[in-house]
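Peer 1: Input: one structure, supplied below.
The values are calculated or read from the model by the stated rules, or taken from the named source; none is laboratory data. Quick caveat: nothing in here was measured; it's all calculated off a predicted structure. Here Cβ is always computed from backbone atoms with ideal geometry, including for glycine, and neighbour counts include all displayed protein chains.
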Amino acid sequence: MSKPVTAIYPGSFDPVTNGHLDLIARGATIFDQLIVAVAQNLEKEPLFTVKERVEMLEAVTFEWKNVEVEVFDGLLMDYARSHGASVVMRGIRAVSDYEYELQMAMMNRKIEPDIETVFMLPAEAYSYLSSRLVKELARLGGPVKDLVPPLVVERLRAKVG
């Protein structure tokens, strides 16, 4: 019998987009357990607090019983090891993402050779989508309803007016 596979999907998720949900849905079918790990990244100025991001993620992922949402801080490989994860799942939208993600994956492999990085491509409809673009569009009063779940649309409107 093979051992259950736990994967970590790390990110800031500020806010969660339909592209993130696309990857979560597909990751939930591939892995026995998928931990969506919300990073407390002190270098970024988030629009939503960590607590708000976790609440939104929990609300939009409740249908997948093998998906958990947690917060992590520090070294991703330490976090993954502490949860018995053997995979880190990352999304790649474009070549520019690949270059950055390749560097991170190689460094992570150096730190923890037993944890694999799996790259997933979002559905074509989300290949251009990022949290940064969603926040910018929302701040400028643009339409975001097809880019994020309805709950996130409401939260964005409350935050940016």
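Peer 1: Please work out if L133 is out of contact with any Pro (no Cβ under 9 Å at 6 or more places or on another chain), assigned to a helix (DSSP H, G or I) and either at pLDDT below 95 or more than 26 Å from T6 (Cβ to Cβ) (or both).
Peer 2: Numbers: out of contact with any Pro (no Cβ under 9 Å at 6 or more places or on another chain): yes; assigned to a helix (DSSP H, G or I): yes; either at pLDDT below 95 or more than 26 Å from T6 (Cβ to Cβ) (or both): yes.
Against the criterion (out of contact with any Pro (no Cβ under 9 Å at 6 or more places or on another chain), assigned to a helix (DSSP H, G or I) and either at pLDDT below 95 or more than 26 Å from T6 (Cβ to Cβ) (or both)), L133 qualifies.
Peer 1: A further question on this structure: Which condition does R139 not pass, out of (1) closer than 18 Å to V36 by Cα; (2) exposed (fewer than 14 other Cβ atoms within 10 Å of the Cβ); (3) of a type outside the set (F, W, Y), if it passes all the others?
Peer 2: Failing condition for R139: (1).
Peer 1: Suppose we filter segment 43-82 for residues that are under 21 Å from E101 (Cβ atoms), of a type in the set (A, V, I, L, M) and more than 15 Å from the chain's Cα centre (by Cα); how many remain?
Peer 2: 2
Peer 1: May I pose another question? State yes or no: is N108 modelled with pLDDT of 95 or more, closer than 20 Å to D32 by Cα and not hydrophobic (A, V, I, L, M, F, W, C)? So that I can check it myself, show each step before the final result.
Peer 2: Details: modelled with pLDDT of 95 or more: yes; closer than 20 Å to D32 by Cα: no; not hydrophobic (A, V, I, L, M, F, W, C): yes.
Considered against the rule, which asks whether it is modelled with pLDDT of 95 or more, closer than 20 Å to D32 by Cα and not hydrophobic (A, V, I, L, M, F, W, C), N108 comes out as no.
Peer 1: Restricted to segment 15-42, and to residues that are at pLDDT 95 or above and part of a loop (DSSP other than H, G, I, E, B), which residue is nearest to the chain's Cα centre (by Cα)?
Peer 2: Only one residue fits best here, namely V16.
Peer 1: Name the pairs whose Cβ atoms lie under 8 Å apart, with the first residue in segment 98-118 and over 20 Å from G84 (Cα atoms), the second surrounded by 12 or more Cβ atoms within 10 Å (Cβ to Cβ) and among the polar types (S, T, N, Q), and 6 or more positions between them or separate chains?
Peer 2: E101/T117
Peer 1: For V71, all conditions in the list (1) within 21 Å of K159 (Cβ to Cβ); (2) at pLDDT below 95 hold save one; what is the number of the exception?
Peer 2: Status for V71: all satisfied but (2).
Peer 1: Cβ-Cβ under 6 Å, sequence separation 6+ or interchain: first residue in segment 138-161 and of a type in the set (D, E), partner at pLDDT 95 or above and part of a loop (DSSP other than H, G, I, E, B). Which pairs?
Peer 2: Taking only residues 6 or more apart or on different chains, not a single pair turns up.
Peer 1: State whether one or more residues within segment 84-100 are surrounded by 15 or more Cβ atoms within 10 Å (Cβ to Cβ), out of contact with any strand residue (DSSP E or B) (no Cβ under 7 Å at 6 or more places or on another chain) and among the aliphatic types (A, V, I, L, M).
Peer 2: Step one: list which residues in segment 84-100 are surrounded by 15 or more Cβ atoms within 10 Å (Cβ to Cβ), which gives 85-93, 97.
If we keep only those that are out of contact with any strand residue (DSSP E or B) (no Cβ under 7 Å at 6 or more places or on another chain) too, we end up with 93, 97.
Restricting the remaining residues to those that are among the aliphatic types (A, V, I, L, M) gives none.
No - not one qualifying residue is present in segment 84-100.
Peer 1: Kindly indicate which of V153, V148, V144, V88 is in a helix (DSSP H, G or I) and closer than 18 Å to F13 by Cβ.
Peer 2: On the way: V148 fails: in a helix (DSSP H, G or I); V144 fails: in a helix (DSSP H, G or I); V88 fails: in a helix (DSSP H, G or I).
Among V153, V148, V144, V88, only V153 is in a helix (DSSP H, G or I) and closer than 18 Å to F13 by Cβ.
Peer 1: While we're here: Based on this model, can you work out whether R93 counts as in a helix (DSSP H, G or I), modelled with pLDDT under 95 and either touching a helix residue (DSSP H, G or I) at 6+ places or on another chain (Cβ under 8 Å) or under 19 Å from R53 (Cα atoms) (or both)? Break it down into steps so the answer makes sense when it comes.
Peer 2: Values: in a helix (DSSP H, G or I): no; modelled with pLDDT under 95: yes; either touching a helix residue (DSSP H, G or I) at 6+ places or on another chain (Cβ under 8 Å) or under 19 Å from R53 (Cα atoms) (or both): yes.
When the stated conditions are applied, R93 does not pass them.
Peer 1: Here's another thing I want to ask about it. For segment 25-41: of the residues being without any contact (Cβ under 8 Å) to a residue 40 or more places away in the chain and surrounded by 22 or more Cβ atoms within 10 Å (Cβ to Cβ), which is nearest to V54 (Cα to Cα)?
Peer 2: V38
Peer 1: Moving on. Are any of the residues in segment 55-68 surrounded by 14 or more Cβ atoms within 10 Å (Cβ to Cβ) and in a strand (DSSP E or B)?
Peer 2: yes
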